[in-house]
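First comes the structure, then the notes that go with it.
The values are calculated or read from the model by the stated rules, or taken from the named source; none is laboratory data. Source: prediction; values computed, not measured. Neighbour counts run over all protein chains shown; Cβ positions are idealised from the backbone, glycine included.
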Amino acid sequence: MPITRRAFLAASGLSAAAAALAACGSGGGASSSGTPSGQLEVFSWWTAGGEKDALNALVADFSLNNPTVRFVNRAVAGGAGTAAKAELARRLQAGSPPDTFQGQIGGALHGYVEAGQLEPVDFLYHQEGWEKTFNPQLLPMIRKGGSYYAVPVDIHHINMLWSNQKICDHLGISSSPTTIREFLDNLKTVQRSGGGIIPLATSEEWSFKHAFETLLLSVLGPDQYTALWKPGGNFGSSGVKQAISYFAELLPYCSSLDGSLTWDQATQKLGQGKACYQIMGDWAEANLKAGSLYLTPRKDYNWAPVPGTEGVFEFEADCFTLPKGAKNRDAAVAWLKECGSRRGQDDFDTVKGAIPPRASVDSTERTLYDEYQKWSLDLWRAKSTRLVGSVTHGTLVTNDWNSAIDTAVTAFLKTRQQSSFQEALAAAGKKYAFTD
Ligand code: GAL
């Protein structure tokens, strides 16, 4: 059990006021002013399966450390936060922010900072020593104009192909195809096998966008893929055209284009043997190993990088923020401390399917994580691994840019007009690309 702030103050003989004053001197936002109490409104989109369980685990530790704060869950359902982000934008616009809200480091966070909606939290980075403990690759994506604006709670792995191993064995196809062509052939084998198994489980529009960005990564490779989302990104290239063409080939194998399934229902279908593959972030793993399925890794379900993305870790990191005008700022600061703590992160990430955002994970801590997560952790840390950000999950683009891509993907799913899709992506890039 971590030492609470109160226990620390008692042990060190410092009064809360003295500690607050000391922290204020470090610049970039003011510390909290005393023991937090009252209600804390936490905004997220974690309502499905492992997401909800992971949030509950984090809240349980928070409540142990902050017994006088009442957690109020303001989660808005909908994978990838599509509905939540719209609701949050309304609240921020109306000057009625929650005490803290889920964000994503990089582009999405950049948007909130640019709009002047967040307080810097440098005082916490100084107090907690987070510049040393958090992963150095993440820090520049949390810092704007020399100040930190959020606290990361996880690292998710995006370019993941999940599969039902038993279906693959039965049909004699690989659960880890190495090229997109092989993958498309496998999807065709599943479709032709009869029995109504869905070759590729998809859900709402964002799950198609998620799959598409991994195809872009596969075709372009990490350098060109990353450059695409910077000012001057070349959306007219033959690589982008090829990725769109693969995307079009993939669509007939997908479960639904009407958004009638949610991402977790799609994962459920894979786990139940009603679907063979799913391209999804590793929050899906949480639902396969737990939920109502309790499947065995490698035996019942398997994972592999999306074909053509071996050695690349496409990532995103969820974070929490301190909105300007938070009603219960002290409790929000206590929540941020929890999110940045080793205990809070381990409690949350082990359940969420993610890996912790800290630079070092010792051997004891490593044992808390499951087989998939150890695999993911090793890949993140390998010197040869290339790290690239996600589009769908806000690392590389702002929320506004993401919405423009949503519009383009939705139109493409209806019309299948490849050149119009490419033009719409280019127009969005031209309009929204930003410099850090
Ligand atoms: C992502 C989010 C993840 C996960 C996923 C599905 O955008 O960062 O934590 O919850 O959406 O909803």
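Exactly one of (1) assigned to a helix (DSSP H, G or I); (2) within 16 Å of the ligand (Cβ to nearest atom) is unmet by Cys168. Its number?
With (1) assigned to a helix (DSSP H, G or I); (2) within 16 Å of the ligand (Cβ to nearest atom) applied to Cys168, the lone miss is (2).
Could you list, in sequence order, all residues of segment 353-373 that are part of a loop (DSSP other than H, G, I, E, B), more than 16 Å from the ligand (Cβ to nearest atom) and not aromatic (Phe, Trp, Tyr)? Outline the logic, then answer.
Kept after step one, since they are part of a loop (DSSP other than H, G, I, E, B), are these residues of segment 353-373: 353-354, 356-357, 359-362, 367-370.
From the residues that got through so far, the ones that are more than 16 Å from the ligand (Cβ to nearest atom) too are 359-362, 367-370.
Selection gives Ala359, Ser360, Val361, Asp362, Thr367, Leu368, Asp370.
Quick one: which of Ile173, Ile142 is β-branched (Val, Ile, Thr) and surrounded by fewer than 22 Cβ atoms within 10 Å (Cβ to Cβ)?
On the way: Ile142 fails: surrounded by fewer than 22 Cβ atoms within 10 Å (Cβ to Cβ).
None of the others qualify; the one that does is Ile173.
Just to be sure before I move on: is Thr296 under 30 Å from Glu41 (Cα atoms) and of a type in the set (Val, Ile, Thr) in the structure I sent?
Details: under 30 Å from Glu41 (Cα atoms): no; of a type in the set (Val, Ile, Thr): yes.
The answer is no for Thr296.
What helices (runs of 4 or more DSSP H) lie completely within segment 245-347 and have 3 or more residues being over 30 Å from Pro98 (Cα atoms) and within 22 Å of the chain's Cα centre (by Cα)?
Here the list reads 263-271.
Identify, please: which residue in segment 259-300 is among the β-branched types (Val, Ile, Thr) and surrounded by 17 or more Cβ atoms within 10 Å (Cβ to Cβ) and is, among those, farthest from Thr392 (Cα to Cα)? Quick ask: steps written out before the conclusion?
Just the residues of segment 259-300 that are among the β-branched types (Val, Ile, Thr), to begin with: 262, 267, 279, 296.
When the remaining residues are screened for being surrounded by 17 or more Cβ atoms within 10 Å (Cβ to Cβ), the result is 262, 267, 279.
On the way: Thr262: 16, Thr267: 18, Ile279: 13 Å.
Across segment 259-300, the extreme among qualifying residues is Thr267.
Would you be able to say whether some residue in segment 147-167 is out of contact with any Lys or Arg (no Cβ under 8 Å at 6 or more places or on another chain), closer than 30 Å to Trp130 by Cβ and surrounded by fewer than 21 Cβ atoms within 10 Å (Cβ to Cβ)?
So far as segment 147-167 goes, yes, one or more of its residues are out of contact with any Lys or Arg (no Cβ under 8 Å at 6 or more places or on another chain), closer than 30 Å to Trp130 by Cβ and surrounded by fewer than 21 Cβ atoms within 10 Å (Cβ to Cβ).
Considering only residues of segment 176-216 that are farther than 16 Å from Ala248 by Cβ and of a type in the set (Val, Ile, Thr), which is surrounded by the fewest Cβ atoms within 10 Å (Cβ to Cβ)?
Thr179
Say whether the condition of being within 16 Å of the ligand (Cβ to nearest atom) and touching a residue at least 60 places away in the same chain (Cβ under 8 Å) is met by at least one residue in segment 413-425. Even if it seems obvious, please write down each step before you answer.
Here is the first cut: in segment 413-425, the ones within 16 Å of the ligand (Cβ to nearest atom) are none.
Taking every residue of segment 413-425 in turn, none turns out to be within 16 Å of the ligand (Cβ to nearest atom) and touching a residue at least 60 places away in the same chain (Cβ under 8 Å).
Being without any contact (Cβ under 8 Å) to a residue 60 or more places away in the chain and among the small types (Gly, Ala, Ser) is true for just one of Ala108, Ala115. Which residue is that? Step through it out loud before you land on a result.
On the way: Ala108 fails: without any contact (Cβ under 8 Å) to a residue 60 or more places away in the chain.
Being without any contact (Cβ under 8 Å) to a residue 60 or more places away in the chain and among the small types (Gly, Ala, Ser) holds for just one of Ala108, Ala115, which is Ala115.
Hey, does segment 191-203 have a residue that's modelled with pLDDT of 95 or more and in a helix (DSSP H, G or I)?
Residues of segment 191-203 modelled with pLDDT of 95 or more: 191-193, 197-203.
Subset that is in a helix (DSSP H, G or I): 191-192.
Checked segment 191-203: at least one residue is modelled with pLDDT of 95 or more and in a helix (DSSP H, G or I).
Give Thr296, Thr262 a once-over and let me know the one that is under 17 Å from Lys166 (Cβ atoms), in the same structural domain as Ser163 (by TED's automatic domain parsing) and of a type outside the set (Gly, Ala, Ser). So that I can check it myself, show each step before the final result.
Working: Thr262 fails: under 17 Å from Lys166 (Cβ atoms).
Only one candidate qualifies: Thr296.
Among the numbered conditions (1) within 30 Å of Lys289 (Cα to Cα); (2) surrounded by fewer than 17 Cβ atoms within 10 Å (Cβ to Cβ); (3) within 16 Å of the ligand (Cβ to nearest atom), tell me where Trp45 comes up short.
(2)
Conditions tested, residue by residue: (1) of a type in the set (Asp, Glu); (2) at pLDDT 95 or above.
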residue	(1), (2)
Lys324	no, yes
Ala334	no, yes
Glu338	yes, yes
Lys352	no, yes
Thr367	no, yes
Tyr372	no, yes
Leu379	no, yes
Ser420	no, yes
Asp436	yes, no
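Would you be able to tell me the number of residues in segment 262-305 that are free of Cβ contacts under 8 Å to residues at least 60 places away in the same chain and within 24 Å of Asp318 (Cα to Cα)? Steps first, please.
Taking segment 262-305 and keeping what is free of Cβ contacts under 8 Å to residues at least 60 places away in the same chain, we get 268, 272, 292-296.
Remaining after also requiring within 24 Å of Asp318 (Cα to Cα): 268.
Here the count works out to 1.
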